[in-house]
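Step one of this worksheet: look at the structure below.
The values are calculated or read from the model by the stated rules, or taken from the named source; none is laboratory data. Just so it is clear, the structure is predicted and the values come from calculations on it, not from any experiment. All Cβ positions, even for glycine, are placed from backbone atoms using ideal geometry, and neighbour counts span all protein chains on display. SASA here: full protein model, heavy atoms, side chains in, ligands and nucleic acids out. Shrake-Rupley method; radii C 1.70, N 1.55, O 1.52, S 1.80 Å.
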Amino acid sequence: LHLSAEDVAALEKRTEGWVAGLQLAALSMQGKADTTEFIRSFSGANQFVLDYLLEEVLHKQPETVQGFLLHTSILNRLSSSLCDALLQSTNSSAQETLETLEHDNLFVIPLDNERRWYRYHHLFRDLLRQRLSQKYSKEEIAQLHIRASEWFEQHGEIGEAFQHAISAADFDRAARLLEISWQAMDESFQTGIWLGWVNQLPLSVRRLRPVLLTQVGWAYMDAGNAEASESSLRDAENSLKRPLEELVIVEAEQFRTLPARIAFARAYNAQTQNRFDDVVRYVETALDIIPHEDQYMQAQASSILSTTYWASGELDKSFELMSNWVNAAQQA
């Protein structure tokens, strides 16, 4: 086929060394001018691969196994507990099915030595997903994604829970997951990942969620993007002008302190732009409305004001506020 070393390596990775897959790819490439592009797009939707896997693998399985394969194909990784939650079947154990599939060499690959997590061969998974979309309605497939999302949420895997909610087009559920996960992800410096998820939500979903919009403002604040942060903060304020019954609020405690959070974010953004007068104004506004018991947020506000006074040369004020910040932070 006169392939380059890079193309050979890419084809090996795509077929995961499956000899029949390599042969099918070779047959498919005959007469093609752009073999590099073909290899890049080679998948279980390729007609040769499709025919082979359908006839030699899928159609030879019992109906129950075919159903298991199709329904669980929505998953990037599989465990017995997750598959049981997905299938909601009392007739068979997912663990037994997974072990049988692996024993029969049916394109199931263990991901650990304890045989707790598996995945399908990529080409086989592509085929299964294509067949799933042909055999079942969008509503039925969406329900599978919702069950997967619920399982991942219960097990603390918010990222995968979110992606399955998006796949099900359940944007309300996806937005709720984002709102409840923001605090922990912000504290563990994962706001970039979190923002990437938020941007998958329709604007119509975001505009009814003032807490989420303020979280977005804080995330852009952390990223140093003051303009995007201010835009989200304005959206949050506009959202707050709506009747309360129209709003969607998941984190009630954050909603209670929303005006203070908005003022704090604006103070931080102003500081990054050297607008020191605005910093003082926004911090003073925030300190006036931050609940007395929220020592952590008071400490943050004092810290911003302290560095602003320091940058302005007012060292005595800066020192006093920095001392207050240290004390408040220790108490928090």
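Figures for the structure shown
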item	result
FRET efficiency, S133 to D104 (Cβ-Cβ, R0 22 Å, nearest 0.05)	0.30
Equivalent ellipsoid, the stretch 108-262 (semi-axes from 5 times Cα gyration tensor eigenvalues, Å)	34, 18, 14
Distance (nanometres) between label positions extended 7 Å along Cα→Cβ at R281 and E187	3.4
Ranked by how many other beta carbons lie within 10 Å on average, peptides 142-149, 120-127 from highest	120-127, 142-149
Among G156, G313, G217, residue whose mean-square fluctuation peaks in a GNM of the chain (springs only between Cα atoms under 10 Å)	G313
Note, ³J(HN,Hα) from phi for the stretch 206-214, Karplus 6.51, -1.76, 1.60, rounded to Hz, x at Gly and Pro	5, 5, 9, 10, x, 5, 4, 5, 5
Dipole of the stretch 175-306, positive direction: furthest Cα of Q295, L203, F255, with charges on the beta-carbon	L203
Accessible area per residue, Å², the stretch 217-330 with all protein chains present, probe 1.4 Å	55
Relative packing of 163-169, 197-203, which averages over residues the other C-beta atoms within 10 Å, highest first	163-169, 197-203
Alpha carbon convex hull of the chain, volume per residue in cubic angstrom	207
Estimated [θ] at 222 nm from DSSP helical runs (n ≥ 4, -39500 (n - 2.57)) normalised by residues in the chain, nearest 500	-21500 deg cm²/dmol
Note, ³J(HN,Hα) from phi for the stretch 148-162, Karplus 6.51, -1.76, 1.60, rounded to Hz, x at Gly and Pro	5, 4, 4, 5, 5, 4, 4, 9, x, 9, 5, x, 6, 4, 5
Long-range amide H partners of L78 with built H, under 5 Å	Y118, R119
Q273 paired with N324, simple spin-label distance in nm, labels 7 Å along Cα-to-beta-carbon	2.5
Accessible carbon and sulfur surface of the stretch 178-303 relative to its total accessible area, %, 1.4 Å	50
The stretch 71-81 - phi-based ³J(HN,Hα) in whole Hz, Karplus 6.51/-1.76/1.60, Gly and Pro as x	5, 7, 5, 6, 8, 7, 8, 10, 10, 4, 5
Low-density loop cleavage sites - GluC sites (Glu not before Pro) in the stretch 93-147, where at most 16 other Cβ are within 10 Å (DSSP)	E114
